[in-house]
Amino acid sequence: MELLGPDVLDDPRYLVPAAPSGETGLAWLRARVPRFCDGAQHRRRRAAVDTLVAGLSVAPAPGEDPTPALLRALDLPAACAPDVAVVAAAYQPHTRQSGGADAALERLVEACGARDDTTAARICLLVQAHGALQALLEQRRSGLPGPPVPTTRRVAPDGRTVEVDLTGAPFGRGPHACPGRALTAVLVP
């Protein structure tokens, strides 16, 4: 797969890969989050996530794993952390999928109390933060340079899926830049 520089993140001709939609499991989540859409739909979904992030009061204990701290800020039980990890591992459509990830997603929906856009935004925040923050923690432990999440994907104007190098843009850029940049400094000081 071709690796492009982060400038394409600002180019509206390069779109995020769309994900198949569904009524349950990961397909339901992907069909309702800003990560897998562009345009007006993305702006609406992103606004919901931005509002959610802006309203959070996150106060992790020293050395606490970021996921339980974020769960607490979202008024969800820490016992949801294993399900967040399972969903995060299968969140991207090109990663290994499993019925276990779909079941974990359904438990998260149940913990949130409704199958609606607010729940999708809450789970989106948890899942995207979990993977990126775990990668950041591992990077800090290992002392390796570079962004914790080294690449992202886009669909080029000719329809090819390309990878985008996030060196120099560790939180992305453009409309799909990470909505949790400020939270990162709180959760992984």
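The values are calculated or read from the model by the stated rules, or taken from the named source; none is laboratory data. These numbers were taken from a predicted model, which means no experiment stands behind them. No Cβ is skipped: glycine too gets one built from the backbone with ideal geometry, and neighbour counts run over all protein chains shown. Note: accessible area is taken over every heavy atom of the protein model, side chains too, but ligands, DNA and RNA are not part of it. Shrake-Rupley method; radii C 1.70, N 1.55, O 1.52, S 1.80 Å.
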Next on the checklist: Just to be sure I understand, how many residues within segment 58-80 are in contact with a helix residue (DSSP H, G or I) (Cβ under 6 Å, 6 or more places away or on another chain) and either more than 21 Å from R107 (Cα to Cα) or β-branched (V, I, T) (or both)?
Outcome noted: 3
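Please tell me if P179 is over 29 Å from E106 (Cα atoms), touching a helix residue (DSSP H, G or I) at 6+ places or on another chain (Cβ under 9 Å) and crowded, with 18+ Cβ neighbours inside 10 Å.
no
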Next on the checklist: If I go through segment 1-49 residue by residue, how many of them are closer than 21 Å to P157 by Cα, of a type in the set (D, E, K, R) and surrounded by 20 or more Cβ atoms within 10 Å (Cβ to Cβ)?
Outcome noted: 1
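Can you name every residue in segment 82-119 that is of a type in the set (A, V, I, L, M), open to solvent by 20 Å² or more (accessible area, probe 1.4 Å) and part of a helix (DSSP H, G or I)? Before you say what the answer is, go through the steps one by one.
Applying the first criterion (of a type in the set (A, V, I, L, M)) to segment 82-119 yields 84-90, 101, 103-105, 108-109, 111, 114.
This time we only want the ones that are open to solvent by 20 Å² or more (accessible area, probe 1.4 Å), so: 85-86, 88-89, 103, 111, 114.
A85, V86, A88, A89, A103, A111 - these are the residues of segment 82-119 that are of a type in the set (A, V, I, L, M), open to solvent by 20 Å² or more (accessible area, probe 1.4 Å) and part of a helix (DSSP H, G or I).
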Item to check | Selected residue (only one of A69, A85 is over 20 Å from A185 (Cα atoms) and either modelled with pLDDT of 95 or more or touching a Phe, Trp or Tyr at 6+ places or on another chain (Cβ under 6 Å) (or both)) | outcome: A85
Item to check | Selection within segment 14-73 - over 17 Å from P93 (Cβ atoms), of a type in the set (A, V, I, L, M) and assigned to a helix (DSSP H, G or I) | outcome: A40, A47, A48, V49, L52, V53, A54, A69, L70, L71, A73
Checklist entry - Can you name the residue in segment 135-146 that is part of a helix (DSSP H, G or I) and without any contact (Cβ under 8 Å) to a residue 24 or more places away in the chain and is also most open to solvent (accessible area, probe 1.4 Å) among such residues? => result R141
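Name the single residue, out of those in segment 120-133 being of a type outside the set (A, V, I, L, M) and closer than 26 Å to T161 by Cα, that is least open to solvent (accessible area, probe 1.4 Å).
C124
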Checklist entry - Which condition number does F171 fail, the rest of (1) under 13 Å from the mean Cα position of the chain (by Cα); (2) over 16 Å from F36 (Cβ atoms); (3) open to solvent by less than 30 Å² (accessible area, probe 1.4 Å); (4) not aliphatic (A, V, I, L, M) being met? => result (3)
Checklist outcome for this item: Within segment 40-54, the count of residues that are small (G, A, S), without any contact (Cβ under 8 Å) to a residue 12 or more places away in the chain and more than 16 Å from A185 (Cα to Cα) comes to 2
